[in-house]
Amino acid sequence: MLTRKQKHILIKFFSMFSVVRGYNILVIVIAQYLTSVFILAHNKPLSKVLFDFNLLALVLASAATIAAGYIINNFYDSEKDLINRPQKSMLDRLVSQNTKLSFYFVLNFIAAVLASYVSFNAVLFFSAYIFGIWFYSHKLKKLPIVGNLTSAILTILPFFAIFMYYKNFENVIFIHALFLFLLISMRELTKDLENMKGDLALGYRTIPVAYGEQTSKVMLTLLVLLTAVLVFVLTNYFSLGNMHYYFYISVMLLLIFLLLLWRSKQKTHYVWLHNILKFIIVAGVFSIVLLDVDLVLNRI
């Protein structure tokens, strides 16, 4: 049996884990390593990728920066989250704002130290990334379109750090990145539809608040069509191994997403749509291994 003090510490841990969204960070860490092994450094021996200290430092710096970003975002959105996500918000509030801010500065410092082991350019990159996350949370998040685009860019920036480290400029990488960017843009806009109540109450000028649900649905439809075009290009002009099955399934799920979107009127409907997009993104991370399994076996 746990003592009262141990239970208190455990609850605080889960609260902090909720604030930094540890499950999201774990997925990003896995995604960075899979991207390195199968795409960005596919011509390097597997051991040199997996045991590359510089890569580990960049991945951990990304994880620390993202965790700090979730903390500062939680700090600024505490009132809105109380309206949109009351249960999660109550769990998050078990850790004081002062403690959260302390963790925020510590995590950013750790990210800078880790980046310094790689290069001075890495320190500059993560410094700009940290500032970008803060500026987005403080100002840009409340602006329609600008806030959505900034959020999508900030989400894919950790992969840009790995991309610049390996300096792999193949066309397929840019198209994969654009595919991910479009999915994240759709997710952000769907989240805005899901969180309209809190955004409206606290003066957040998101796209649904500023232009209405109908316009938001039209924009999401256009994004789905653009994504379908990218899938056509990827599956017809590039060698994807068995990963092409993932892209075909993604298009089918996006078509289901569209059908449900135009029938959606309540928050619960948008939560389901958000979950469909999250599933496509997370499934995309693990489907990277389908690119060429033999490639890994030959590099061991």
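When the residues of the range 4-16 are filtered to those that are surrounded by fewer than 16 Cβ atoms within 10 Å (Cβ to Cβ) and of a type in the set (A, V, I, L, M, F, W, C), which remaining residue is nearest to residue 103 (Cα to Cα)?
Per the stated criteria, the residue is 13.
Just to be sure I understand the filter: pairs with C-beta atoms under 6 Å, separated by 6 or more residues or on different chains, first member in the range 91-108 and closer than 10 Å to residue 71 by Cα, second member of a type in the set (S, T, N, Q) and outside any helix (DSSP H, G or I). Which pairs pass?
Hits for this filter: zero, empty list.
What pairs can you find where one residue is in the range 253-281 and on the phi > 0 side of the Ramachandran plot, the other is among the aromatic types (Phe, Trp, Tyr) and surrounded by fewer than 15 Cβ atoms within 10 Å (Cβ to Cβ), and their Cβ atoms are less than 8 Å apart, with a gap of 6+ or different chains?
Close Cβ pairs (under 8 Å, with a partner that is among the aromatic types (Phe, Trp, Tyr) and surrounded by fewer than 15 Cβ atoms within 10 Å (Cβ to Cβ)) do not exist here.
If you go through the range 154-169 one residue at a time, do you hit one that is aromatic (Phe, Trp, Tyr), surrounded by fewer than 16 Cβ atoms within 10 Å (Cβ to Cβ) and over 23 Å from residue 76 (Cβ atoms)?
Taking every residue of the range 154-169 in turn, at least one turns out to be aromatic (Phe, Trp, Tyr), surrounded by fewer than 16 Cβ atoms within 10 Å (Cβ to Cβ) and over 23 Å from residue 76 (Cβ atoms).
(1) among the hydrophobic types (A, V, I, L, M, F, W, C); (2) in a loop (DSSP other than H, G, I, E, B); (3) free of Cβ contacts under 8 Å to residues at least 24 places away in the same chain: which one isn't true of residue 124, the others all being true?
Just one mismatch for residue 124, condition (2).
Kindly state which helices (runs of 4 or more DSSP H) lie completely within the range 38-95 and contain at least 3 residues that are closer than 29 Å to residue 9 by Cβ.
Answer list for the range 38-95: 53-76, 78-84, 86-92.
Kindly indicate whether residue 28 is at pLDDT 90 or above and under 24 Å from residue 165 (Cβ atoms).
yes
Limited to the range 196-212, what total is found for residues that are among the polar types (S, T, N, Q) and part of a helix (DSSP H, G or I)?
The total comes to 0.
Can you tell me which residue is farthest from residue 27 (Cα to Cα) among those in the range 276-300 that are loosely packed, with under 15 Cβ neighbours inside 10 Å and modelled with pLDDT of 95 or more?
Filtering first and then ranking leaves 279.
Just give me the residues in the range 10-42 being more than 20 Å from the chain's Cα centre (by Cα), under 25 Å from residue 111 (Cα atoms) and free of Cβ contacts under 8 Å to residues at least 12 places away in the same chain, in sequence order.
Residue satisfying the conditions is 13 alone.
For the range 201-220, does any single residue satisfy the condition of being outside the structural domain of residue 157 (by TED's automatic domain parsing) and at positive phi?
Yes, some residue in the range 201-220 is outside the structural domain of residue 157 (by TED's automatic domain parsing) and at positive phi.
From the list 212, 132, which one is within 30 Å of residue 56 (Cα to Cα) and either crowded, with 21+ Cβ neighbours inside 10 Å or among the small types (Gly, Ala, Ser) (or both)?
Residue meeting the stated conditions: 132.
Which members of the range 137-151 meet the condition of being in contact (Cβ under 8 Å) with a residue 24 or more places away in the chain and not in a helix (DSSP H, G or I)?
Matches in the range 137-151: 143, 144, 145.
Determine whether residue 173 is within 30 Å of residue 240 (Cα to Cα), surrounded by fewer than 19 Cβ atoms within 10 Å (Cβ to Cβ) and at pLDDT 90 or above.
For residue 173, the condition - within 30 Å of residue 240 (Cα to Cα), surrounded by fewer than 19 Cβ atoms within 10 Å (Cβ to Cβ) and at pLDDT 90 or above - is not met.
Scan the range 173-195 for residues that are over 14 Å from the mean Cα position of the chain (by Cα) and without any contact (Cβ under 8 Å) to a residue 24 or more places away in the chain and jot them down.
The one that is over 14 Å from the mean Cα position of the chain (by Cα) and without any contact (Cβ under 8 Å) to a residue 24 or more places away in the chain: 174.
Conditions first: (1) in contact with a Leu (Cβ under 7 Å, 6 or more places away or on another chain); (2) under 22 Å from residue 175 (Cβ atoms); (3) of a type outside the set (Gly, Ala, Ser); (4) modelled with pLDDT of 95 or more. Residue 273 passes all but one, so which condition is the exception?
Residue 273 satisfies every listed condition except (2).
Tell me whether the range 17-34 contains one or more residues that are surrounded by 14 or more Cβ atoms within 10 Å (Cβ to Cβ), farther than 19 Å from residue 61 by Cα and of a type in the set (Val, Ile, Thr).
no
Filter the range 152-185 for residues that are of a type outside the set (Phe, Trp, Tyr) and not in a helix (DSSP H, G or I); which is nearest to residue 229 (Cα to Cα)?
Of everything passing the filter in the range 152-185, 170 is nearest to residue 229 (Cα to Cα).
Please work out if residue 72 is in contact (Cβ under 8 Å) with a residue 24 or more places away in the chain, within 25 Å of residue 140 (Cβ to Cβ) and either out of contact with any Pro (no Cβ under 9 Å at 6 or more places or on another chain) or not β-branched (Val, Ile, Thr) (or both).
It is true that residue 72 is in contact (Cβ under 8 Å) with a residue 24 or more places away in the chain, within 25 Å of residue 140 (Cβ to Cβ) and either out of contact with any Pro (no Cβ under 9 Å at 6 or more places or on another chain) or not β-branched (Val, Ile, Thr) (or both).
The values are calculated or read from the model by the stated rules, or taken from the named source; none is laboratory data. Because the structure is predicted, anything quoted here is derived from the model rather than measured. Cβ atoms come from the backbone with ideal geometry, glycine included; neighbour counts cover every protein chain shown.
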